[in-house]
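Data first, discussion second: the structure below is written as structure tokens.
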Amino acid sequence: MDRNEGFSGLTGMTASPDRRILSIVRILKSCLLSGLLVLSLAAVPVQSGQGAPSIEKVDPPSWFVGHSRNQITLLARGSNLAGASVVSATDGVTVTGSRTNSTGRWLFVDVTIDDNAVAGPVSLEVNTNGGAVETGIELIPRLDPTGRFGGITPDDVVYLLMPDRFSNGDVANDAPPGSVPANRSQQFAYHGGDLEGVIDRLPYLADLGVTAVWLNPIYDNNDRGNDYHGYGATDFYDVEEHLGTVATFRELVDAAHAVGIKVVQDQVANHCGPDHPWLPVTPTPTWFNGTVSSHLNNVYDIASVVQQGADPARRKATLEGWFANFLPDMNQKDPEVATYLTQNTLWWIEMTGLDAIRQDTFPYVPRTYWADWMDAIKAEHPNFAVVGEVFDGSPVNVAFFQGGEARYDGVDSKLDTVFDFPLHFRIVSTFAQGDEAFALRDVLGADTLYVRPEVLVPFLGNHDLQRFATIAGGDMKKLRLAQTFLLTTRGTPQLYYGDEIAMTGGNDPDNRRDFPGGFPGDPRDAFSPGGRSKKQAAVFDHVRRVLAARAAHAALRGPSTSFQLANETVIAYVRENGTDRALVVLNTGPASARPNIPVSDFFADGVALTDALGSGAGGTVAAGSIKLKLKSKSGVILVAQ
């Protein structure tokens, strides 16, 4: 979730405004505060000038027996909590401190969970001058780590989907009580897709050949039905009722793991929705950077964070400004905020067994927080992976945020990897818009800026960008060729739902159309071979073949790329992984090409190379090179017989 800013780092690129910002503002700028969810618990009043205390909600609602983070802070929402003292009535659980905000609306409770604590309910008694109230959380066993928390690597292929727009597996949640019902005729409304729908389509994803699925945020959102995308959270500890429940998400993770698919959760630590109960009465005076009536507007100047001598005012607005000028910017420098967010991340990981996180709007949060946050994750699950969104076209700016070394500020963010936006923009300009093919070599030449370029996440599209097929004017050859490059370049590639069947779409929300066949009454079912049009089938089959080649040949998943030829229309590069090698040759031009490619450093004379995609193309290495004939807008993946 970011602005389409900072593309000037690539020669010849121009930035186009991110229409998502405008559409979100148009939908939500008139938001009013929603009602609060009242959970439970009886209060016992006494005679006093202060009203009887009540508790509506406690975050986190549960924690884990044997977790190394055994000192946690609970945040309770209620009323008449001023001056509260809290005691535990549960063996193995000790309250070490408590404090409230000035209005008595919010209560923080510090809890230590001993090694001898057992799974079950934890009873806490809250006492004030106005009475007492019981509340608590649940202690639960930790998940067996086998087959969970696996991270993502270049051996994976990630498939991004928007749950509301992918598949409707449970029509019973299309009109949840108290919320606006799904309405597919309105672009900004819920359409009925849900977590059950994703579970139903796991066989489709496995057949395609993807090994990880990334879902846009599933947090609970406001009840007016216009936050279908999930980026305006009103409860970070619950699932949006249009999508399912926490239990359903856990079921999805388990079902995905059963068919060899990992799960990536989309998290948002930068901001919450304007309807969150933290407004207007905040848990601490510094919970947010600014207030509803007085705050900075985010200027999205990522370079101001990257450059040591940048304008301090622009850096401050970038780090503390409210996204789109209305999404409250959380202040991670407030220790209570930092603790809340870190605990929330650990809770989701441990509750569900997921494998990785995609962190939204990564540059807009202090890097010191990210370093501590990553430490907390890795302390529990060393193989767990996090990929950060740095929506910028400059490799210099994007590389700054990948972890592995301290930058000018003395901070190592420790972030595993980032999305490769610079390469994305070059893929689009080359394959969809006809720019020079050699520019792909040049942007990959910037890999030296990254600590670990081999784990970057390249992609053709996502939920914030126009569909590639639309930019390419519906040219399926361009789409297939771009997909071949994406799935044979270094890194962990990410597909966007529907690109494998050539879905089209302009700016947000047009790029978030429903997957055909995922909803009752759809005239065609593109999830099944018989339901795909000829065009859809051709693209699907091509992606499936390239993914099969990627899985079969380790070279295509390796760290090394050596360009052997790069001109205006043809690129040829050797991919290596240990002793395994593959030669990828792509002709982006409108005419056929006859390249003569030097390969003596990789293949000996007499070695026969054939196309792993089954086209029959290939040849024998002679005099240190191989001669090919390629049709226009076509490519081959050559491997030794």
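Apply the a/c threshold of 1.5 to the C-alpha gyration tensor of the range 391-460 and tell me whether it is rounded, prolate or oblate. Provide the component values of the computation, followed by the final result.
Working: a/c = 2.62, a/b = 2.37, b/c = 1.10.
Prolate is the answer for the range 391-460, as a/c is 1.5 or above and a/b outweighs b/c.
If we count every other residue with Cβ under 14 angstrom of Ser123's Cβ, Lys/Arg +1 and Asp/Glu -1, where does the sum land? Walk me through the numbers before you get to the answer.
Details: positive: none; negative: Asp91, Glu125, Glu134, Glu138.
Here the charged neighbours net out to -4.
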Q | Summed side-chain charge close to Leu565 - residues other than Leu565 whose Cβ falls under 15 Å, Lys, Arg +1, Asp, Glu -1 | A | +1
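So for the range 79-173, what are the equivalent ellipsoid semi-axes in whole Å, largest first, each being the square root of 5 times an eigenvalue of the Cα gyration tensor? All intermediate terms of the calculation are to be shown ahead of the outcome.
Working: eigenvalues 298, 94, 40 Å².
Calculated on Cα positions only, the semi-axes equal 39, 22, 14 Å.
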Q. How big, on average over all directions, is the shadow cast by the Cα convex hull of the range 546-641, in nm²?
A. 5.6
(Q) How large is log10 of I(q)/I(0) for the range 310-435 at q = 0.18 Å⁻¹ when the intensity is taken from the Debye formula with one equal scatterer per alpha-carbon? (A) -1.08
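Can you tell me the convex hull volume per residue for the range 516-600, based on C-alpha atoms, in Å³ to the nearest whole number? Please list the in-between numbers first.
Numbers: hull volume 12.1 nm³, N = 85.
Residue-normalised Cα hull volume stands at 143 Å³.
Can you tell me which of 363-372, 350-359, 548-557 comes out highest on packing, and rank the rest after it, using the mean Cβ neighbours within 10 Å?
On the way: 363-372: 21.1, 350-359: 23.6, 548-557: 19.4.
By packing density, highest mean first, the sequence is 350-359, 363-372, 548-557.
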Q.
How compact is the range 349-421 by the rule of thumb for globular proteins, expressed as Cα Rg over 2.2 N^0.38 Å?
A. 1.08
**Q.** Inter-part distance where the range 575-609 and the range 382-420 are each reduced to a Cα centre, Å
**A.** 32
Q: Restricting things to alpha carbons, tell me how big the range 427-556 is in terms of Rg and Dmax, in Å.
A: 15.5, 51
Q: Mind jotting down the distance between the C-alpha centroids of the range 46-99 and the range 211-244, whole Å?
A: 27
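Compare the peptides 387-397, 570-580 by average per-residue count of other Cβ atoms within 10 angstrom and give them in order, highest first. Mind dumping the intermediate values first?
Numbers: 387-397: 24.5, 570-580: 19.3.
The most tightly packed comes first, giving 387-397, 570-580.
Give me the percent of Cα-Cα pairs in the range 326-389 that sit more than 17 Å apart, rounded to a whole number. Could you put the intermediate results ahead of the total?
Numbers: 783 of 2016 pairs.
Value for the range 326-389: 39 percent of Cα pairs lie more than 17 Å apart.
Using mean Cβ contacts within 10 Å as the protection proxy, how do 410-423, 66-79, 138-151 order, highest first?
Numbers: 410-423: 23.2, 66-79: 17.9, 138-151: 15.1.
Listed from highest to lowest mean packing, they are 410-423, 66-79, 138-151.
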Q) At a Förster radius of 41 Å, what calculated FRET efficiency corresponds to the Cβ-Cβ distance of Thr368 and Asp601, to the nearest 0.05? A) 0.35
**Q.** Under Karplus coefficients 6.51, -1.76 and 1.60, residue-wise ³J(HN,Hα) of the range 437-444 in Hz, glycine/proline x
**A.** 5, 5, 5, 5, 4, 5, 5, 5
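Leaving out ligands, DNA and RNA, and with a 1.4 Å probe, what % of the accessible surface on the chain is carbon or sulfur? Before the final figure, lay out the partial values.
Values: 11750 of 22920 Å².
Whole-percent figure for carbon plus sulfur exposure: 51.
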Q: Over every pair of different alpha-carbon atoms in the range 466-533, take the mean of 1/r and invert it; report that Kirkwood radius in Å.
A: 13.1
Q) Which semi-axes, in whole Å and largest first, does the equivalent ellipsoid of the range 228-297 have when worked out from the alpha carbon gyration tensor as the square roots of 5 times its eigenvalues? A) 32, 12, 10
**Q.** Sequence-distant residues sharing a close amide H with Gly131 (under 5 Å, placed H)
**A.** Val46
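For the chain, state the semi-axes of the equivalent ellipsoid (square roots of 5 times the eigenvalues of the alpha-carbon gyration tensor), sorted largest first and rounded to whole angstrom.
47, 25, 24
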Q. How much accessible area per residue does the range 161-287 have, in Å², with a 1.4 Å probe?
A. 28
Q.
If you count only protein heavy atoms with a 1.4 Å probe, what accessible area per residue comes out for the range 577-641, rounded to a whole Å²?
A. 47
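To the nearest 20 Debye, how big is the dipole of the chain about its Cα centre, given +1 on the beta carbon of each Lys and Arg and -1 on that of each Asp and Glu? Show your work: numbers first, answer last.
On the way: 52 positive and 73 negative charges, 467 e Å.
Rounded to the nearest 20 debye, it is 2240 debye.
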Q | Amide H within-cut-off set for Ser625, under 5 Å, with H built and near neighbours excluded | A | Val599
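Of all the C-alpha pairs in the range 159-306, what % are more than 22 Å from each other? Spell out each step's value before the answer.
Values: 5067 of 10878 pairs.
Roughly 47 percent, once rounded to a whole number.
Need one number: the % of Cα-Cα pairs in the range 568-622 sitting beyond the 15 Å mark. Write down the numbers at each step before the final one.
Details: 779 of 1485 pairs.
The proportion of pairs with Cα distances above 15 Å equals 52 percent.
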(Q) Please compute the alpha carbon radius of gyration of the range 174-218, then divide it by the globular-protein estimate 2.2 N^0.38 Å. Two decimals is fine. (A) 1.43
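The values are calculated or read from the model by the stated rules, or taken from the named source; none is laboratory data. What you see is a predicted model, and the numbers here were worked out from it, not measured in a lab. No Cβ is skipped: glycine too gets one built from the backbone with ideal geometry, and neighbour counts run over all protein chains shown. The protein model used for the area step is the full one, side chains on, heavy atoms only, and it has no ligands, DNA or RNA in it. Shrake-Rupley method; radii C 1.70, N 1.55, O 1.52, S 1.80 Å.
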